[in-house]
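The values are calculated or read from the model by the stated rules, or taken from the named source; none is laboratory data. Please read these numbers as outputs of a predicted model, since none were measured by experiment. Positions of Cβ are backbone-derived with ideal geometry, glycine not excepted, and every protein chain shown enters the neighbour counts.
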Amino acid sequence: MTISQELVCYTNPMSRGRIVRWMLEEVGQPYRTEILDYGTTLKAPAYLAVNPMGKVPAITHGGTVVTEGAAICAYLADAFPQAGLAPPLAECGDYYRWLFFAAGPLEQAWTYKSFGFEPSLEERRRAGFGCLDDVVHALDLALKDRDYLAGGRFSAADVFVAAGLGFGMQFGLIPKLPAFERYVGKHMARPAAVRAREIDDALIVQAQPQPA
């Protein structure tokens, strides 16, 4: 990889950037990490030039900027096909469906739950995610009889969905259904997922104030 193709991940170890860290470890290409602080650098001009939202994660790959976790996962799968994380076109229906289901309905549903908001029947008709029960039911049906969401093998969709479900269950936002626990447990045990957690967990420890 030449300097013009340098791969940089902008993240915070206590953020959705943990998903992209996992994806980068799956890809297996060298990358540099820029750790951003919520109180300072995240909203500083230097980073706002990368992502005007002042949110993480984001990546740069040479002159290309990609924000939003699902988009980053899909981009990395396409940019590094040798990692085998994007299925062939004939199998992309489920791949795109569940990748963006997790980025849309799943995240919206657990976010609303974390805010203590339960949509009314009328609001469910208007909201793209319907309600949490609908989202959980759809994912449970998808995962009851399979370990992988697309093409019978691991893909970027599994990175994103397993990470989202794992987060939701960890914080009590998603019920711990047997299919979810089996699916998340299988993929979180992958060597790349373990490496990614160890890297980010170590960064969290380093950031803690040291005793005088």
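Restricting 66, 20, 56, 50 to residues that are assigned to a strand (DSSP E or B) and β-branched (Val, Ile, Thr) narrows the list to 66. Considering the range 101-123 alone, what residues qualify as being part of a helix (DSSP H, G or I), among the hydrophobic types (A, V, I, L, M, F, W, C) and closer than 25 Å to residue 70 by Cα? Matches in the range 101-123: 101, 102, 103, 106, 109, 110.
Of all the residues in the range 54-87, those that are loosely packed, with under 13 Cβ neighbours inside 10 Å and more than 18 Å from residue 26 (Cβ to Cβ) number 2. Under the condition of being more than 17 Å from residue 107 (Cα to Cα) and without any contact (Cβ under 8 Å) to a residue 24 or more places away in the chain, the residues counted in the range 127-145 number 2. Answer yes or no as to whether residue 38 is among the aromatic types (Phe, Trp, Tyr), farther than 23 Å from residue 204 by Cβ and not in a strand (DSSP E or B). No: the conditions fail for residue 38.
Would you mind stating whether residue 201 is acidic (Asp, Glu) and not assigned by TED's automatic domain parsing to the domain that holds residue 37? In short, no.
Of all the listed residues (172, 130, 185), the sole one being within 17 Å of the chain's Cα centre (by Cα) and of a type outside the set (S, T, N, Q) is 185. Scanning the range 68-123 for residues that are more than 15 Å from the chain's Cα centre (by Cα), among the acidic types (Asp, Glu) and either modelled with pLDDT under 95 or closer than 18 Å to residue 169 by Cβ (or both) gives 91, 118, 122, 123. Restrict the check to the range 135-147 and report whether at least one residue is surrounded by 18 or more Cβ atoms within 10 Å (Cβ to Cβ), within 24 Å of residue 8 (Cβ to Cβ) and not assigned by TED's automatic domain parsing to the domain that holds residue 33. No: the range 135-147 contains no residue that is surrounded by 18 or more Cβ atoms within 10 Å (Cβ to Cβ), within 24 Å of residue 8 (Cβ to Cβ) and not assigned by TED's automatic domain parsing to the domain that holds residue 33. Taken as a whole, the condition of being surrounded by fewer than 16 Cβ atoms within 10 Å (Cβ to Cβ) and under 20 Å from residue 27 (Cα atoms) applies to residue 195.
The C-beta contact set for the range 168-189 (first residue closer than 22 Å to residue 112 by Cα, second residue of a type in the set (S, T, N, Q), distance under 7 angstrom, 6+ apart or interchain) comprises 173/114. Which residue pairs have Cβ atoms under 6 Å apart, sit 6 or more places apart or on different chains, and have a first residue in the range 41-58 that is over 13 Å from residue 8 (Cα atoms) and free of Cβ contacts under 8 Å to residues at least 60 places away in the same chain and a second that is in a loop (DSSP other than H, G, I, E, B) and of a type outside the set (A, V, I, L, M, F, W, C)? Pairs found: 42/54; 43/54; 48/54. Restricting 133, 140 to residues that are of a type outside the set (A, V, I, L, M), outside any loop (DSSP other than H, G, I, E, B) and touching a Phe, Trp or Tyr at 6+ places or on another chain (Cβ under 9 Å) narrows the list to 140.
Within the range 17-41, being under 24 Å from residue 110 (Cα atoms) and buried (at least 19 other Cβ atoms within 10 Å of the Cβ) holds for 17, 18, 19, 20, 21, 22, 23.
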